[in-house]
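Report on the following structure.
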Amino acid sequence: MTLASYAVASQLTHYALLPAYMYCNAVMIMCGESFGRKSMNELVQIPKLAIGFSTIFYAVIGGVFIFFAEQIIPLFQSNAQIIPTSIQLLGILLVANLFVILYEVQKYTLQSLDESRFVLGVTACINLLAFLILIGSTFFFQLTVYSIFTVFAGNYFFLATVFYLKYQQKLKTI
């Protein structure tokens, strides 16, 4: 039941993230153009605006999903036993995925500055570390959905932080 509930909550969370992906595509294009023009002000402002607007849309859409969860979730899953757990997981997933917005925007900004190899390498290393933490954790305590979401959120927060620091470093060379 938990896996089915997670699938429903995850699907709704991804819908809430759709505007963020739209802004990320705009970030890639606009930062690339600003990089070509060496427009430092735009390179600083564009990611901030993308994070701000993405977060606002995410909060509004996520709020609607939480407020109307009892009406929305049955549209995705008709099993009445799954609905309460899906509602519970939805709120937690929405909070955990806040860091996805930061990660995605920072990732796209770096890629627009020709740092795709760095992004790929760091993402692979940090994701591997998160995977090993999850595997290692199974030997010390019982993993729950909540502990998995915590590692998930930490993974994206750490990636976003590394990408932000790299972006700031890259801006100094322009």
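All of the numbers you see were taken from the coordinates with simple rules; none came from a lab. Computed from a predicted model, the values in this text were never measured in an experiment. Positions of Cβ are generated from backbone atoms using ideal geometry, with glycine treated the same way; all protein chains shown enter the neighbour counts.
Can you tell me the orientation of helix 145-171 relative to the chain, as the angle in degrees between its alpha-carbon axis and the longest Cα principal axis, to the nearest 10?
10
What percent do you get for the relative contact order of segment 90-174 when only Cα pairs under 8 Å and 6+ apart count? All intermediate terms of the calculation are to be shown ahead of the outcome.
Details: 54 pairs, mean separation 44.7, N = 85.
Relative contact order here is 53 percent.
To make sure I understand, if each residue's beta carbon is the centre and we count other beta carbons within 10 Å, what order do 125, 24 fall in, fewest to most?
Working: 125 12, 24 22.
Ranked by crowding around the Cβ, least crowded first: 125, 24.
Decide, for segment 57-174, between rounded, prolate and oblate: order the square roots of the alpha carbon gyration tensor eigenvalues as a ≥ b ≥ c, take rounded if a/c falls under 1.5, and otherwise choose prolate if a/b is larger than b/c, else oblate.
Taking the square roots of the gyration eigenvalues as a ≥ b ≥ c, segment 57-174 is oblate.
Evaluate the relative contact order of segment 2-171 (contact order divided by residue number), counting alpha-carbon pairs under 8 angstrom at least 6 apart; express in whole percent. Mind showing how you got there, number by number?
Numbers: 165 pairs, mean separation 52.1, N = 170.
Relative contact order here is 31 percent.
When the chain is modelled as a GNM with alpha-carbon springs shorter than 10 Å, which of 136, 63, 52 fluctuates the most?
Sorting by GNM fluctuation, first place goes to 136.
Dividing the alpha-carbon Rg of segment 1-137 by 2.2 N^0.38 Å yields what?
It is 1.24.
For helix 98-112, report the angle its Cα long axis makes with the longest principal axis of the Cα atoms of the chain; keep it between 0 and 90° and round to the nearest 10°.
30
Reported to two decimal places, what Rg/Rh ratio describes segment 24-88 when computed on Cα atoms with Rh from the Kirkwood expression?
Radius of gyration relative to Kirkwood radius: 1.30.
Per residue of the chain, what 222 nm ellipticity follows from adding -39500 (n - 2.57) for every DSSP H run with n ≥ 4, rounded to the nearest 500?
Counting only the DSSP helices, I get -30000 deg cm²/dmol.
In what sequence do 112, 34 fall when counting other Cβ within 10 Å, fewest first?
On the way: 112 23, 34 20.
Result, fewest neighbours first: 34, 112.
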